[in-house]
Amino acid sequence: MMQWKTIFKKEMLEYWRNFKWVWVPLVFILIAIMDPISTYYLPKILDAVGGLPDGAVFEMPEITPVAALMMSLSELSMFGVLVIVLMSMGLIAGERKSGVAELVLVKPVGYFTYISSKWGATLLLVWTSLIIGLLTSWYYVNLLYGDISFGALIQVIFFYGLWLTLVISITTFFNTLFKTPGIVGFLSIATIIVMSIFNQIFSHKITWFPNNLSSHIGDMLDSGSTSGELWGTALVTIIIIVALLFASLLAFRGKEMAN
Amino acid sequence: MAMIKVDHLTKTFEGKNAVNNLSFELSPGKCVALLGPNGAGKTTTLRMLSGLLKPSSGTVSFEGMKEDGDIREHIGYLPQYPVFHNWMSGKEFLVYVGQLANLTKPQAIEQAEKYLDRVGIADAKNRRIGKYSGGMKQRLGIAQAMIHSPQLLMLDEPVSSLDPIGRRDVLNLMEELKAQTTILFSTHILSDAEEVSDDLLLMHQGEMVESGSIESLREKHQTTKIHLTFRENVDTYLNKLREIPSISEGYIERNEVQLLVADIDQARIDILAKASSEQWPLIKFEVSRVSLEELFMKVVNQ
């Protein structure tokens, strides 16, 4: 446990020194508020630019607060996921590639301690950024579109955070398999895309697939109650996360720490 | 009593044996050099001992270690090209790895300060490692290997990449550390091995060719050599010298007659008696021993 804390703290210090604590939250805020704000101001922007021919009537559909908040999630699922993968593709692979891992792992550090502490550190950074990002988005949605309760926001953060945790776990898993951060990044993105395609084809049959978290969250906001589907999907996601961590350990054990 | 016992250790990379059937023992308190040309399997051997590589077959056992024990608790290891977190300061890094080696934070800080001072980079302890010179990184590497006072310190080519001054400093440091821990270090330079080590393990193409204390190796492979220089052409004397029974071999090198002899005392009497009776214009008579360098070359060129 002490070693876990040592590595975790070292990661925190590293995120601080390379400004991850600054830019990751900022980028998450940007991604989260981009769509709700630009959509709100779109009519005014069009007006000001004057791109519409005379007499044309431009009617914006009425956007509900829920739909506005869901825009944030949809952008996060795209760019947020990309940022997470790019940021953590060298989590372990980078240390192994550079050779620092040779110094660290020749100390009596358990492999699971090593993997899980780094995973945990990324988790803290991502969750913090997600909370800040969605809080900002929630603030603007309340201001521009209408009320969403704070309780609902908490639920959104919790369930959506599970999806991002899964993304981190997928990247962590590939980190233990490969030593080149580029390959780790590529395979992580590819996996997420394949999962999304799979989900689009089978979503009516397999409703508990992790990619459905967002749509279940949308249903929850609309209906005001957490469905069994949402809980089920959350549970499946957690199980996959645990399985991925376990698989990471097995993969790492089979690796040789020097080349 | 052996502290570490290596038994029929073999490592195969893509069908090629990098280390082949290696067996040796290390006794505590010794400084042992793993000597061999590049590609002999020294690094692979050290990496297997440190647990970074898994042996294809064979075992490494540490005295007093339980069956399921972690060998890494008892060893310190410095890779040939140590890489650190360049954004950390030297002290931060030492405290970090110290804690990873199960020291408490205060202990780790204490040990870090001690070894920063010991390896002579205390002045730079708060500077970022990225700004360290090669020699300083090497010293930091030794400090990080020693931080948890391991029973066995393994250094992979600790001086090969250093300039003469850095090399001297690190060798002196090793000399000091000998009192504290057993040292196993690899090198391809014989003089470095001769300078600090008690025992030699000579490796070539993944196999152990020779092992033993430096003295015993010298004795075992010792042939005495006599160098003779004459005021005039040496050729005429070579044939006469070859007639002496106590001389096993004679040849001319650099205008000098070189004689390999088994019994130096007998040979000296014979040669000097002949020189005196035939009034040879002898200007130099020198006795030397075949150096380990020649042994090294002989073994490697086989």
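The values are calculated or read from the model by the stated rules, or taken from the named source; none is laboratory data. Since the model is a prediction, treat every value here as computed from it, not as a measurement. Here the Cβ is made from the backbone with ideal geometry for all residues, glycine too, and neighbour counts use every protein chain on show.
The table that follows gives values for the structure above.
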item	result
Sole exception among (1) more than 14 Å from every other protein chain (Cβ to nearest Cβ); (2) more than 16 Å from the chain's Cα centre (by Cα); (3) not polar (S, T, N, Q) for A:Ile33, by number	(2)
Only listed residue being outside any helix (DSSP H, G or I) and farther than 26 Å from A:Val184 by Cα, chosen from A:Pro61, A:Pro36	A:Pro61
Any pair with Cβ under 6 angstrom, 6 or more apart, that starts in region B:1-27 at a residue that is at pLDDT below 85 and ends at one that is of a type in the set (D, E, K, R)	B:Ala2/B:Glu25; B:Met3/B:Glu63
Of residues in region B:81-127 being of a type in the set (D, E, K, R) and at the interface with chain A (Cβ under 9 Å from one of its Cβ atoms), the one surrounded by the fewest Cβ atoms within 10 Å (Cβ to Cβ)	B:Lys105
Residues located in region A:173-207, provided they are surrounded by 13 or more Cβ atoms within 10 Å (Cβ to Cβ) and among the basic types (Lys, Arg)	A:Lys179
Whichever residue in region A:11-39 is under 30 Å from B:Phe84 (Cα atoms) and in contact (Cβ under 8 Å) with a residue 60 or more places away in the chain and, among such residues, is surrounded by the most Cβ atoms within 10 Å (Cβ to Cβ)	A:Val24
Hey, A:Phe252 within 14 Å of chain B (Cβ to nearest Cβ) and assigned to a helix (DSSP H, G or I) or not	yes
Residue among A:Ser72, A:Ser38, A:Ser98 that alone is of a type outside the set (Lys, Arg) and within 16 Å of the chain's Cα centre (by Cα)	A:Ser72
B:Gly166 within 20 Å of the chain's Cα centre (by Cα) and in a helix (DSSP H, G or I)	yes
A:Phe8 more than 14 Å from chain B (Cβ to nearest Cβ) and in contact (Cβ under 8 Å) with a residue 60 or more places away in the chain	no
The one condition in (1) more than 21 Å from A:Met89 (Cβ to Cβ); (2) touching a Lys or Arg at 6+ places or on another chain (Cβ under 8 Å); (3) of a type in the set (A, V, I, L, M, F, W, C) that A:Ile201 fails to fulfil	(2)
Checklist (1) in contact (Cβ under 8 Å) with a residue 24 or more places away in the chain; (2) outside the structural domain of B:Leu26 (by TED's automatic domain parsing); (3) in a strand (DSSP E or B) applied to B:Met208, failing item	(2)
Residues satisfying the stated conditions in region B:36-51, i.e. at pLDDT below 90 and within 15 Å of B:His204 (Cβ to Cβ)	B:Gly36, B:Pro37, B:Asn38, B:Gly39, B:Ala40, B:Gly41
Some residue of region B:132-145 being within 14 Å of another protein chain (Cβ to nearest Cβ), of a type in the set (Gly, Ala, Ser), crowded, with 21+ Cβ neighbours inside 10 Å and over 22 Å from B:Thr43 (Cβ atoms)	no
Subset of region B:52-69 (residues that are modelled with pLDDT of 80 or more, under 22 Å from B:Leu100 (Cα atoms) and exposed (fewer than 15 other Cβ atoms within 10 Å of the Cβ))	B:Lys54
Failed criterion for B:Ala33 (all others in (1) among the hydrophobic types (A, V, I, L, M, F, W, C); (2) at pLDDT 90 or above; (3) out of contact with any strand residue (DSSP E or B) (no Cβ under 9 Å at 6 or more places or on another chain) hold)	(3)
Residue among A:Gly94, A:Gly90 that is in contact (Cβ under 8 Å) with a residue 24 or more places away in the chain, within 14 Å of another protein chain (Cβ to nearest Cβ) and assigned to a loop (DSSP other than H, G, I, E, B)	A:Gly90
Qualifying position, being within 26 Å of B:Asp192 (Cα to Cα), in contact (Cβ under 8 Å) with a residue 60 or more places away in the chain, in contact with a Phe, Trp or Tyr (Cβ under 8 Å, 6 or more places away or on another chain) and within 10 Å of chain A (Cβ to nearest Cβ), among B:Leu78, B:Leu52, B:Leu46	B:Leu46
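Residue by residue, here is whether (1) touching a helix residue (DSSP H, G or I) at 6+ places or on another chain (Cβ under 8 Å); (2) closer than 26 Å to A:Glu256 by Cα; (3) basic (Lys, Arg) holds:
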site	(1), (2), (3)
A:Leu91	yes, yes, no
A:Lys107	yes, yes, yes
A:Tyr160	yes, no, no
A:Thr165	yes, no, no
A:Ser169	yes, yes, no
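Residue-by-condition table, conditions (1) more than 14 Å from chain B (Cβ to nearest Cβ); (2) touching a helix residue (DSSP H, G or I) at 6+ places or on another chain (Cβ under 8 Å); (3) crowded, with 18+ Cβ neighbours inside 10 Å; (4) among the aromatic types (Phe, Trp, Tyr):
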site	(1), (2), (3), (4)
A:Met2	no, yes, no, no
A:Tyr41	yes, no, no, yes
A:Leu46	yes, no, no, no
A:Gly50	yes, no, no, no
A:Glu62	yes, no, no, no
A:Pro65	yes, yes, yes, no
A:Leu69	yes, yes, yes, no
A:Val81	yes, yes, yes, no
A:Val85	yes, yes, yes, no
